[in-house]
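A short reminder: the numbers here are calculations on the coordinates, not readings from a lab. Quantities reported herein were computed from a predicted structural model and do not represent experimental measurements. All Cβ positions, even for glycine, are placed from backbone atoms using ideal geometry, and neighbour counts span all protein chains on display.
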């Protein structure tokens, strides 16, 4: 480690693409060492090599499928045996769009395993050390859909709503410590997620361009908000307006018509 460098380590799930990869690049630029977790080994290796070479940080890679108990246990064991984790970013996620009674049940259970169980277990793995050191942060990547339960996304919306409530409760438990918790709720973000949600490009084209954000914009908003809040971070004033209207029951009707 270079003299005078303060060691900080971030563990990022879903790091091989999208918001996870944007977090990895931003945190490497801020001099965090990285533990990168994803299923796609080749992409993970390329990203780790890129960030290590560009920023001189340590970029470990863990190829693990967190929808499987064995993959999650592997990451938990690594956390227990490695350097302290200063920031956990639970970013891994996917969608399976379609009516609940028709979408493959196994796929929906994998979504619950990834969004809910993996996030809870990894938070539990890192929190005791953070509390003992009186510093650290956990970012749970939720979604605007946590506030707008749409037909065709029942399980996805429900798991993201769980992450919001879980983050809020953790924040209250940790209020007297130096550990910060955030539920990050991006709106329409240009990532690969929409491809695996089986949402037709023609439907995406109906979403106004003004409602779209880049993954880099989402990450920048998240990291700005983490030290002082709010706990529920909704990037962009337009998305915050959508959340306010959703609480009045207005947005659900409009989005159902758009999608």
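Computed from the C-beta positions of residue 117 and residue 54 and an R0 of 41 Å, the FRET efficiency is 0.75 to the nearest 0.05. Expressed to the nearest 5 percent, the antiparallel share of DSSP beta bridges inside region 9-258 is 0 percent.
If a spin label sat at a point 7 angstrom from the Cα of residue 124 along the line to its beta carbon, the backbone N atoms of region 69-92 nearer than 17 Å would be those of 69-81, 90. Peptides 61-71, 45-55, 102-112 ranked from most to least packed by the mean count of surrounding Cβ atoms within 10 Å: 61-71, 45-55, 102-112. Taken along the Cα-to-beta-carbon direction at a fixed 7 Å, the label points for residue 104 and residue 247 span 3.9 nm.
Between residue 29 and residue 216, the contour length at 0.36 nm per residue exceeds the Cα-Cα span by 66.1 nm. Take the Cα of residue 46, step 7 Å toward its Cβ, do the same at residue 68, and the gap between the two points is 2.3 nm. Residue separation of residue 76 and residue 6 scaled by 0.36 nm, minus their Cα-Cα distance, works out to 22.8 nm of gained length. Between residue 132 and residue 39, the C-beta separation translates, for a Förster distance of 35 Å, into a calculated FRET efficiency of about 0.65. Between residue 154 and residue 169, full extension at 0.36 nm per residue minus the direct alpha carbon distance yields a gain of 3.1 nm. Structural descriptor for region 9-258: relative contact order 18 percent, calculated from alpha carbon pairs under 8 angstrom and at least 6 residues apart.
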